[in-house]
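Following: one structure in structure tokens, then a few remarks.
The values are calculated or read from the model by the stated rules, or taken from the named source; none is laboratory data. It should be emphasised that the depicted structure is a prediction, and the values quoted were computed from it without experimental measurement. Quick reminder, even Gly has a Cβ in these numbers, built from the backbone with ideal geometry, and neighbours come from all protein chains shown.
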Amino acid sequence: MLAELGLTDEIPIAALAKTFEEVFVPGRADPVVIPRGSEALFLLQRVRDEAHRFAITYHRQLRGRSMTKSALEGVAGLGPGRRTRLLRQYGSLRALRAASLDDLLALAWLPDAVARTVYQHLHMPGRPKADGVRLPVPSAPPDSPHGSAPESARSAPESARSAPETGGG
């Protein structure tokens, strides 16, 4: 990488082996041995450890962000700003998932259509919850002010819906 950028003569590089604390330098076959307990070795160890800590923290942040975003990603009308505001309002994805449709509709800053879409998205049948348990098929009475369950969810038990039709007359 340094060669591609033309910086090989500008920035010296070295690698510190963790096992024997030997310093490897490009172009040299044998490692540079730095006495144990010396200030120079201590400095190199601190630089190495800090670089590792920085990289690990960065990757944890990436994973954390992607895990939080993925559950709400793809909801129509819910961009990054509203998504962040919803998570701040409820404190966690689990708390947001526990919120009722009425709770979401009560948020003045969230349009009703988006509130319904968020609720439906978080309560889709077969979608695993945070604790790994699958959610049941939502069912709302047909006269519910917030709409109703899909026709297929109201019409017949699941076993009857999944059974193949037979041509009998």
* Quick one: is residue 85 outside the structural domain of residue 18 (by TED's automatic domain parsing), assigned to a helix (DSSP H, G or I) and among the basic types (Lys, Arg)? -> yes
Looking across segment 65-82 at residues that are in a helix (DSSP H, G or I) and at pLDDT 90 or above, the single one that is farthest from residue 119 (Cα to Cα) is 81
Note on segment 94-138: residues over 23 Å from residue 81 (Cα atoms) and modelled with pLDDT of 95 or more are none
Query raised in the report: Any residue at all in segment 54-65 that is free of Cβ contacts under 8 Å to residues at least 60 places away in the same chain, aliphatic (A, V, I, L, M) and surrounded by 11 or more Cβ atoms within 10 Å (Cβ to Cβ)?
Result: no
Log entry, pairs with first residue in segment 98-116 being in the same structural domain as residue 87 (by TED's automatic domain parsing), second being aliphatic (A, V, I, L, M) and exposed (fewer than 14 other Cβ atoms within 10 Å of the Cβ), beta carbons closer than 9 Å, six or more apart or on different chains, reads 113/76; 114/76; 115/106
